[in-house]
Amino acid sequence: MEPKTLFQKVWDDHVVVQEPDRPAVLYIDLHLIHEVTSPQAFTGLRERGLEVRRPEKTIATMDHSTPTLPKSLWVIDDQAKAQLRQLERNCEEFGIELFPLGDSRNGIVHVIGPERGFTQPGKTIVCGDSHTSTHGAFGALAFGIGTSEVEHVLATQCLLQRKPRTLEVRVDGQAMPGVTAKDIILALCAEIGTGGATGYVIEYTGSAIRGLDMEGRMTVCNMSIEAGARAGMIAPDETTFDYLKERERVPQGADWDGAVERWRQLRTDEGATFDKTVVIDASKLEPMITYGTNPGMGMQISEPMPTTDSFDDPSQQAAFEKAMGYMGLEPGTQLLGKKIDVVFIGSCTNSRIGDLRMAAGVLSGRKVADGVRTLVVPGSHDIKKQAEAEGLDLIFKEAGAEWREPGCSMCIAMNGDNLEPGQYAVSTSNRNFEGRQGKGGRTFLASPLTAAAAAVTGKVTDPRSLLLS
Amino acid sequence: MAKFTTLTSHAVPLPAENVDTDQIIPARFLKVTDKHGLGDSLFCDWRYLKDGSNNPDFVLNEPASQGAQILVAGNNFGSGSSREHAPWALVGWGFRAIISTGFADIFKSNSLKNGLLPVEVSPEVHKALMEAVQLDRSTKITIDLQTQSVTGLDGLEATFPIDEFSKHCLLEGIDQLGYLLSFDDQITRYEQQRT
Ligand code: SF4
């Protein structure tokens, strides 16, 4: 049999029809929806008089515009309220399971999918959200779609898809202490740029990827989209199976053994080829940070920022200068030591228990610097409970950080958690676009360790200086 | 969906690279449950001043931009989130085509479903078009989908790629859901085989 890549195996398994000169009709196993990108899709269904074909294959949550203060302090503006209510109504009318605001299983869509065991190896998974790539950490083919496509999936459980190309990102070597999964993926974005993987599905391979736990793998796959990729995938292994075993929605008992048997086949065969390969040596990496206004504008934290001359292309030079203007930074200088105003620890990139433990490790016995606002926002209620059982919430609160309810929060700044114009934030989220965390706000993307270190010193700080002391 | 055959229009030059969907339409405008009416929020943070008045320095507000149906944008246009609100806002303002050297995947796919044509040209052609449009804002560009060609001033002519299926759908005004629904039997068979 012809050797195949992991991607090819999952793709082939889901092609319902492939006509010449037409995109494939691809079957979707799991469809995740949230309040922001689904309302117009349901309106479309109603206008056409269509039903949801397989309601049991769609799961809904509320996360983007939900408040993260305790219930008694909830502020939800009328528009957001209407949107949340609309999702409730849509789910009720079409028979879709919903984890609403206040439900003990609620959380960020890309956090609860894996956590409840909906996300499984070999599945095709889509959501009207670009960070759906997160689920690829389990060996699923998972990608973001637009609202028209949300409607397509609701109506037919299928999507029209052209086959993407494949890119292997091999990360070899052992990362040094203080260098996390987030630093690996920020290094990839810095290396290939935000359009570097456009048109590709990435498969992450190599010893440094194998060595990551599932949370680290999710962090890496999550930001595949920041390099332009359709999806990111990692072949499932014992780490994957250990994580999934006995989760609420995975096969149980004898079915579990059968499933694991099948999942073991989901890896790239010896001799299969990728359209392109990029190699990263993890042992050479330092903690990473972004300085500009897209996730590709990143560097090792101790480096000086580039200068206009660092770029050959005039349009890249212009983009760099525009970014420096927005960020209020001096090209060629150090970012280390730059005073910051806010630290955000959260988002579907870095809000899982391991991320919170990392941040708590730095904050334990220390205080948040004067004048710095630090928000810690767990990705789901399960994570929140777990963190509280471990006493992490106390560490955060004693340090002077805010311990919040789950949600997207300041990653997208739709729920009232946002930066003020001109403020600087070190953020564990995934996007540093102009205004992403609030109009006029300026974002440095980094790992939970680097974010927590900045909270303590009030400045951009190499976390290793605090880990060693 | 409205048919797209040929389009001749003056254009708006926006040379910035990597314009992301948060720039095209910031997240605070995503709390809507309708897809109409987003044109006023297009490029909001660049387009309006603090007091809500028009920023005279932003190209979209220039008198010469009014009525334009073509945007000549910088490389890697539409990166970032999957929000279809981005093409909804562009179409809402009046754009029917965007010319760039590259588009983000999801943005491209979303645009094609809304009758907004992403026209990908070589860096040389892009440079020539951008310069012509910046020099004379009344410069007309013609886009012919059937022949997959862009024609500008001075005999400048170039072709652009588009997949057969999207082209067919745009030319005929076919929406893709109708096509998908026609495979109902095959989908049922696929589902039966798997269970
Ligand atoms: S946490 Fe941020 S990136 Fe993730 S789903 Fe929410 S808004 Fe999107």
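Cut-off is 10 Å between beta-carbons; in what order do A:Arg89, A:Arg373 appear when sorted fewest neighbours first? Mind showing how you got there, number by number?
Working: A:Arg89 12, A:Arg373 19.
Ascending number of Cβ neighbours within 10 Å: A:Arg89, A:Arg373.
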**OP:** Would you mind checking which residues have amide H under 5 Å from B:Ala97's amide H? H placed 1.01 Å from N; only 5 or more apart, or other chain.
**Re:** B:Leu71, B:Leu117
Original post:
In straight Cα distance, which lysines are under 17 Å from B:Lys35, not counting same-chain residues fewer than 8 positions off?
Top reply: B:Lys113
Subject >> Cross-link reach list, lysines versus B:Lys127, counting only Cα pairs under 18 Å and skipping chain neighbours closer than eight places >> reply: B:Lys140
**OP:** Please give every one of the lysines within straight-line cross-link reach of A:Lys384, meaning a C-alpha to C-alpha distance under 16 Å, and leave out same-chain neighbours fewer than 8 residues apart.
**Re:** A:Lys71, A:Lys397
Original post:
Tell me, what ³J(HN,Hα) does each residue in region A:130-135 have, in order and in whole Hz, if you take phi through Karplus 6.51 cos²θ - 1.76 cosθ + 1.60 with θ = phi - 60° and put x for Gly and Pro?
Top reply: 5, 7, 4, 3, 3, 5
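Of A:Lys385/A:Lys459; A:Lys4/A:Lys163; A:Lys163/B:Lys167; A:Lys182/A:Lys439, which ones are farther than 19 Å apart at the Cα? Show your work: numbers first, answer last.
Values: A:Lys385/A:Lys459 30 Å; A:Lys4/A:Lys163 14 Å; A:Lys163/B:Lys167 17 Å; A:Lys182/A:Lys439 25 Å.
Listed pairs above 19 Å: A:Lys385/A:Lys459; A:Lys182/A:Lys439.
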**OP:** Would you mind computing Rg(Cα) / (2.2 N^0.38 Å) for region B:86-195, counting N as its residues?
**Re:** 1.35
**OP:** Please go through region A:365-424 and write out the GluC sites (Glu not before Pro) that DSSP classes as loop and that have at most 16 other C-beta atoms within 10 Å.
**Re:** A:Glu390
Original post:
Between A:Glu51 and A:Arg165, what is the label-to-label distance in nm when each label sits 7 Å out along the Cα-to-Cβ direction?
Top reply: 4.3
Original post:
Where the centre of each part is set by its Cα atoms, how far does region A:110-136 sit from region A:155-213, in angstrom?
Top reply: 15
**OP:** For region B:83-134 and region B:176-195, compute the distance between their C-alpha centroids and round to whole Å.
**Re:** 32
**OP:** Please give the average number of partner chain Cβ atoms lying within 10 Å of the Cβ of each residue in A:428-435, rounded to a whole number.
**Re:** 4
Subject >> Label-reachable residues, region A:234-277, where backbone N falls under 19 Å from a point 7 Å from A:Met1's Cα toward its Cβ >> reply: A:235-237, A:258-274
Original post:
What is the local net charge at B:Val32, summed over the other residues whose Cβ is closer than 15 Å to its Cβ (Lys, Arg +1; Asp, Glu -1)?
Top reply: 0
**OP:** Tell me the label-point distance for the pair A:Glu191, B:Thr188, using the 7 Å Cα-to-Cβ offset, in nm and rounded to one decimal.
**Re:** 5.0
Subject >> Pair B:His36, B:Lys140: separation of 7 Å Cα→Cβ label points (nm) >> reply: 3.1
Original post:
In deg cm²/dmol, rounded to 500, what helix-only [θ] at 222 nm does chain A give when every DSSP H run of at least 4 residues adds -39500 (n - 2.57) and the total is split over its residues?
Top reply: -9500 deg cm²/dmol
**OP:** May I ask you to list the residues of region A:360-383 whose amide nitrogen lies under 19 Å from a point 7 Å from Cα along the Cα→beta-carbon direction of A:Glu420?
**Re:** A:369-376
Subject >> Directionally averaged projected area (convex hull, Cα atoms, chain A), nm² >> reply: 22.8
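Based on the Cβ-Cβ distance from A:Arg210 to A:Arg262, what FRET efficiency comes out when R0 is 22 Å, to the nearest 0.05? Before the final figure, lay out the partial values.
Values: r = 20 Å, r/R0 = 0.93.
The formula returns an efficiency of 0.60 here.
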**OP:** Mind checking B:83-92 for the average number of partner chain beta-carbons within 10 Å of each residue's beta-carbon?
**Re:** 3
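Fewest Cβ neighbours within 10 Å first, please rank A:Asp382, B:Asp163, A:Asp370 accordingly.
Values: A:Asp382 21, B:Asp163 13, A:Asp370 7.
So the ranking, lowest neighbour count to highest, is A:Asp370, B:Asp163, A:Asp382.
Net charge within 12 Å of A:Arg162 by Cβ-Cβ distance, Lys/Arg positive one each and Asp/Glu negative one each, not counting A:Arg162 itself? Walk me through the intermediate numbers first.
Details: positive: A:Arg22, A:Lys163, A:Arg165, A:Arg230, B:Lys108; negative: A:Asp21, B:Asp105, B:Asp163, B:Glu164.
Overall, the nearby charge balance is +1.
Once the convex hull of the alpha carbons of region A:262-365 is built, what does its volume come to per residue, in cubic angstrom?
Working: hull volume 22.0 nm³, N = 104.
For region A:262-365, the hull spanned by Cα atoms encloses 211 Å³ per residue.
Normalised by the empirical 2.2 N^0.38 Å for globular proteins, what value does the Cα Rg of region A:25-154 take?
Ratio of Cα Rg to 2.2 N^0.38 Å: 1.02.
Here, each number is a calculation from the coordinates, and none is a lab measurement. Not measured: the values here are computed from a predicted model. Quick reminder, even Gly has a Cβ in these numbers, built from the backbone with ideal geometry, and neighbours come from all protein chains shown.
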